[in-house]
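The values are calculated or read from the model by the stated rules, or taken from the named source; none is laboratory data. No experiment lies behind these values; they were computed from the predicted model shown. Cβ coordinates were reconstructed from backbone atoms using ideal geometry, including for glycine residues, and neighbour counts include every protein chain displayed. Only protein heavy atoms, including side chains, enter the accessible area calculation; ligands, DNA and RNA are left aside. Shrake-Rupley method; radii C 1.70, N 1.55, O 1.52, S 1.80 Å.
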Amino acid sequence: MKKLHILLFSVSLAIGTTANAQIQIEIAGVGSNQIPVAIAAFADESVAPDKVSAVIRADLERSGVFKVIDAGQVISDADAGQVNLSAFKASGADALVVGSVARQPDGRFAIRYKLLDTVKGGEISQLGGEVQPRYTRLQAHRIADDVYEKLTGVRGIFSTRIAYVKEDRAASRFALAVADADGENEIIATQGKEPIISPAWSPDGMKVAYVSMENRKPVVYLQDLMTGRRNVISNQKGNNSAPSWSPDGSTLAVALSQDGNTEIYTVNSSGSGHRRLTNNPGIDTEPQFSADGQTIYFTSDRSGGPQIYKMSVSGGNATRVTFNGNYNISPRVSSDGKTLAWISQRGGAFSLYAMDLASGRELRLADGATEPSFSPNGKYIMYATKGGGRVSLAVVSVDGRVKQRLTTKAGNIREPSWGPFMK
């Protein structure tokens, strides 16, 4: 039984050292039936800290959903009514993105865009707003989100954030970092000389729960990203690990060994009210709430080897979910509740799998993977992977067609957690 706990811990820690540079993204695959979109340079965008049209282009290309076409000219949103849409249709574009940037007297930037339909003619969408200079890139991500949603019917994730762990073993430093989904605008939320693992975003995107070994044992902390304050969520006797948030943000599920065996508990987000859910001779760990908050998925070796189970949020009898392979760990559930992602060891290698929970159909998405995390729209999964002598993050679409690799020039990054949509 102790073997499972050790293996789970080693899989989490065995893949990385330092990461001191901004993340670089390499697109290794594209989706089928890409939507062709032309993007024009925005009028006067050179006055802003970031080239807005370039950020939008990079976002859409990275998604694998779009075939981006260079419009080859500057087109302002104010001139949208005079654009020869038939010419762009003839070039193969189904839609056209145009816009403008203007510096305001108070130092802010007015960024406006329009999405035009080249097939039917007319306007599909528009968005405008005034932002501080440091938020011009975020506004570009929001425009890319709007394009993605209007043309696919699915909410875009370009303006979301990710959390991950950076480790510098030479300096004995560990850091919890937060960045934009494209790896830019990185900040260090907390750091120290002891290992940090298992970051988990709160549903409102304001806090990150994580496990730190700074007290010479695993303790669950809560970091407020706005104030920089942190609180202890669980410091019970023994190990406190694997925090996971309920959808309403009121509760976390954790794995505790306070009674000698590792079991699943819930605890209020204030750190009070620990409540035990499992009572089994096997090791129960890695709890994850379902999208509706009524079910908890978790890893257990109660059947002889690590497999994924589910139970009611109130505890009680558990039902086994995975049956293929002798080693299945790290369950994650998509925001729509339709897909389960997990790590399976088959043939000696760790691979990322996804299961359609309605049909039970499995799909192998990536090899050499650990620590999966769904995008908030449920269409992509980020995970840690080792290759080329370093550990990096990677992203794959749930259908396996689109693949990206997020790397740094120096060092390694691991333990990814994709943040929620910001309200």
Return the only residue of ARG414, ARG405, ARG401 being under 16 Å from ILE197 (Cβ atoms), in contact (Cβ under 8 Å) with a residue 40 or more places away in the chain and of a type in the set (Lys, Arg). ARG414
Report whether or not ASN268 is of a type outside the set (A, V, I, L, M, F, W, C) and under 28 Å from the mean Cα position of the chain (by Cα). yes
Only one of these is part of a loop (DSSP other than H, G, I, E, B), assigned by the TED database to the domain that holds SER373 and at pLDDT 95 or above: PRO203, PRO199. Name it. PRO203
List pairs: first residue in the range 209-221 and at positive phi, second residue buried (at least 24 other Cβ atoms within 10 Å of the Cβ) and charged (D, E, K, R) anywhere in the structure, Cβ distance under 7 angstrom, at least six positions apart or on different chains. none
Within the range 216-230, is there a residue that is under 25 Å from SER312 (Cα atoms) and part of a loop (DSSP other than H, G, I, E, B)? no
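Out of PRO376, PRO331, I need the residue that is modelled with pLDDT of 95 or more, open to solvent by 10 Å² or more (accessible area, probe 1.4 Å) and closer than 24 Å to TRP245 by Cα. Which one?
Selected residue: PRO376, the only one of PRO376, PRO331 that is modelled with pLDDT of 95 or more, open to solvent by 10 Å² or more (accessible area, probe 1.4 Å) and closer than 24 Å to TRP245 by Cα.
Give the residue, chosen from GLY249, GLY325, GLY316, GLY293, that is at pLDDT 95 or above and within 27 Å of SER359 (Cβ to Cβ).
Only one candidate passes the filter, namely GLY293.
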Those residues of the range 368-378 that are touching a strand residue (DSSP E or B) at 6+ places or on another chain (Cβ under 6 Å), within 12 Å of SER334 (Cα to Cα) and not small (Gly, Ala, Ser) come to a total of 2
Tell me, which helices (runs of 4 or more DSSP H) lie completely within the range 1-108 with 1 or more residues that are at pLDDT 95 or above? 52-63, 85-90
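Here is a yes/no grid of residues against (1) open to solvent by less than 10 Å² (accessible area, probe 1.4 Å); (2) in a loop (DSSP other than H, G, I, E, B); (3) in contact with a Cys (Cβ under 6 Å, 6 or more places away or on another chain):
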| site | (1), (2), (3) |
| --- | --- |
| LEU115 | yes, no, no |
| VAL119 | no, yes, no |
| GLU130 | no, no, no |
| ARG134 | no, no, no |
| ARG137 | no, no, no |
| ARG142 | no, no, no |
| ASP145 | no, no, no |
| GLY156 | yes, yes, no |
So THR227, is it open to solvent by 40 Å² or more (accessible area, probe 1.4 Å), of a type in the set (S, T, N, Q) and within 22 Å of SER417 (Cα to Cα): yes
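Just for the range 77-125: of the residues that are among the polar types (S, T, N, Q) and touching a helix residue (DSSP H, G or I) at 6+ places or on another chain (Cβ under 7 Å), which one is nearest to ILE35 (Cα to Cα)? First the steps, then the outcome.
First pass over the range 77-125, keeping only residues among the polar types (S, T, N, Q): 82, 84, 86, 91, 100, 104, 118, 125.
Filter once more, keeping what is touching a helix residue (DSSP H, G or I) at 6+ places or on another chain (Cβ under 7 Å): 100, 118, 125.
On the way: SER100: 23, THR118: 12, SER125: 16 Å.
It comes out as THR118.
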Just to verify a result, which residue in the range 306-326, among those that are in contact (Cβ under 8 Å) with a residue 40 or more places away in the chain and not in a strand (DSSP E or B), is least open to solvent (accessible area, probe 1.4 Å)? PRO306
